[in-house]
Amino acid sequence: MATLIRTLADHSDDINYCAFSSSCLATCSLDKTVRLYSLSDFSELPYSPLRGHAYAVHCCCFSPSGHTLASCSTDGSTMVWDTRDGRRLAVLPQPSGSPVRVCCFSPESTYLVSGAADGSVVLWNAQSLKLYRSGNVKDGSLVACAFSPNGNFFVTGSSCGDLTIWDDKMKCLYNEKAHDLGVTCCDISSLPISDGEHESRYLMASCGQDSQIKLWLISFADFLGAELKYKCTLSGHSAPVLACAFSYDGQMLYNSSISLLIKLFFNATFHTFVFISRYVTTCAFAPCVLLLATGSMDKTVNIWQFDRKQPYSGNIIQNESKMAVENWSEEDVLAWLHVQGLTDLVGIFKMNNIDGKELLNLTKESLMNELKIESLGLRSKVLRKIEELRMKMESAPVAIPDEFLCPITRELMKEPVIAADGYSYEKEALENWLSSKRRSSPMTNLPLPSLLLTPNRSLKTAISRWLESQPK
């Protein structure tokens, strides 16, 4: 059973990544900060938040000792911090200046990998914090990375859908087209499946924009290189899957989708255990204990605790939003009935194919005449629970349309301008971007043919009208 034990709501924008050490939890956000919390009581550490990045922080990771933390950003840098006092130890600029999307320490703290939007991969010496080797994926942005347990190999995932295996000399050993619409995340289980004299095999998971979670057998051989073998595809999601992670013992695989539900793969079956108000973007299991952190576009981080003594069968639903409820499937409605103590009605709702939209439209008359629920007490309870859903929907904060947010700052634009790449940005943010000697597009990383900025008056008008329509 998964139990929600804490919600952290200190960030002011979407959560991009979560990471655990043996004593801390780190979270990073579009709000340009990294925050650290003690695992003893989840209180924020005195020197948190860590500030230094000029733009959104996309990823953060602890060294195996937990004494250092790396974070990477749209500003084209990876920063290394001392987790004991919050000091910034180094700023590692991506040689190409491209936005850095992912960073990862090797298990032995020998290397730190940073991967960027232009497909560049840099291997840094984690002790000297100097560049060791660099390379490039064939195509697309680099968005995911995972090290082999022995640290001699690592896997990267790209937005064009490739999984690539590299050795510690930055030699490309293997490449596989894994997800048609792009990889979003990958993780390697820490426990070997079988060992040979020169080879170890591990289970690897990858997920992507194609709504699939795939399992692979990945083989690392010191002399023969590496190989990736497809094992199976896990069904259960109907929308892009944004995050996946193995538990420390390799027995559970967590994944989440923009269909607003989180699924846990345990003992060969999926178990839905939570719905949230906006998309889950990241997840991380703690080392040595069964704690899971999930970060979301609702600016919060949820901490979950697992009890292996209980079966993974219950469903916990919280923070229902209008978008989530209206898009519930019939299966989601049945899960909601279980949680609300209305298990006796599961058969009736299933037989009548009640989905989220129909649930919200149920009335006293339809419950009695169409669903044939004879008990007045049951009808009253259903209507009361539906009314609670509607009240939560009305009180939920209105999400800002994505097209009104600056791609650089992820803040509501006040003076939108159109750049030569065809995208609209907040004028000040783009001018700051260009003033740092960049002549590339923040969105495509391609050279800008012109630095001319054209006011986007129609977008500014649309934003003004949207603001006027919001309740005061």
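The values are calculated or read from the model by the stated rules, or taken from the named source; none is laboratory data. It should be emphasised that the depicted structure is a prediction, and the values quoted were computed from it without experimental measurement. So basically every Cβ, Gly included, is an ideal-geometry build from the backbone, and we count neighbours across all protein chains shown. Surface areas here come from the heavy atoms of the whole protein model, side chains and all, with no ligands, DNA or RNA. Shrake-Rupley method; radii C 1.70, N 1.55, O 1.52, S 1.80 Å.
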Original post:
Amide H of residue 168: which non-local residues (sequence gap of 5 or more, or other chain) have their own amide H closer than 5 Å, using H built in the peptide plane?
Top reply: none
Original post:
For the stretch 49-65, in order, what is each residue's ³J(HN,Hα) by Karplus, 6.51 cos²θ - 1.76 cosθ + 1.60 with θ = phi - 60°, in whole Hz (x at glycine and Pro)?
Top reply: x, 8, 10, x, 6, 7, 9, 3, 9, 8, 8, 8, 8, 8, 5, x, 6
Subject >> FRET efficiency, 1/(1 + (r/R0)^6) with R0 45 Å, evaluated for residue 403 and residue 138 via beta carbons >> reply: 0.90
**OP:** Report in % the part of the accessible area of the stretch 2-306 that belongs to carbon and sulfur, leaving out ligands and nucleic acids; probe 1.4 Å.
**Re:** 48 percent
Original post:
Which shape class, rounded, prolate or oblate, goes with the stretch 2-306 when its Cα gyration tensor gives a ≥ b ≥ c as root eigenvalues, a/c under 1.5 marks rounded, and past that a/b bigger than b/c marks prolate?
Top reply: rounded
Original post:
Non-local amide H neighbours of residue 282 (under 5 Å, H modeled in plane, Pro and chain starts lacking H): which ones?
Top reply: 295
Original post:
So who's got an amide H within less than 5 Å of the one on residue 193, skipping anything under 5 residues away but keeping other chains? H placed 1.01 Å off N, in plane.
Top reply: 201, 202, 203
**OP:** Give me the Kirkwood hydrodynamic radius of the stretch 63-150, using the inverse of the mean 1/r over all pairs of distinct Cα atoms, in Å to one decimal.
**Re:** 12.9 Å
**OP:** Starting from one equal scatterer on each C-alpha and no solvent at all, send me the Debye-based log10 I(q)/I(0) for the stretch 325-395 at q = 0.20, 0.21 Å⁻¹, two decimals.
**Re:** -0.78, -0.87
Original post:
From the phi of every residue in the stretch 201-208, what ³J(HN,Hα) in whole Hz does the Karplus formula 6.51 cos²θ - 1.76 cosθ + 1.60 yield, where θ is phi - 60° and glycine or proline is x?
Top reply: 10, 10, 8, 10, 10, 9, 9, x
Subject >> Residues of the stretch 325-395: accessible area per residue with a 1.4 Å probe, Å² >> reply: 58 Å²
**OP:** Starting from the stretch 73-108, pick out the trypsin sites (Lys or Arg not before Pro) whose DSSP state is loop and whose Cβ has at most 12 other Cβ atoms within 10 Å.
**Re:** 84, 87
**OP:** Could you calculate the FRET efficiency of residue 44 with residue 374 from 1/(1 + (r/R0)^6), where r is the beta carbon distance between them and R0 is 51 Å, rounded to 0.05?
**Re:** 0.45
Original post:
For the stretch 148-197, what is the charge dipole size about the Cα centre, in debye to the nearest 20, if Lys and Arg each add +1 at the Cβ and Asp and Glu each add -1 at the Cβ?
Top reply: 160 debye
Original post:
Which whole-angstrom value gives the distance between the alpha carbon centres of the stretch 403-449 and the stretch 114-158?
Top reply: 26 Å
**OP:** Determine ³J(HN,Hα), in whole Hz, for all residues of the stretch 142-148 in sequence, where each value follows from phi through the Karplus function 6.51 cos²θ - 1.76 cosθ + 1.60 and θ = phi - 60°; x replaces Gly and Pro.
**Re:** 8, 10, 8, 7, 8, 8, 5
Original post:
Residues of the stretch 1-121: accessible area per residue at 1.4 Å, in Å²?
Top reply: 33 Å²
Original post:
Under 16 Å from the 7 Å Cα→Cβ point of residue 172, by amide nitrogen: which residues of the stretch 86-126?
Top reply: 115-123
Original post:
Considering only the other residues whose Cβ falls under 11 Å of the Cβ of residue 68, what net charge follows from Lys and Arg at +1 and Asp and Glu at -1?
Top reply: +2
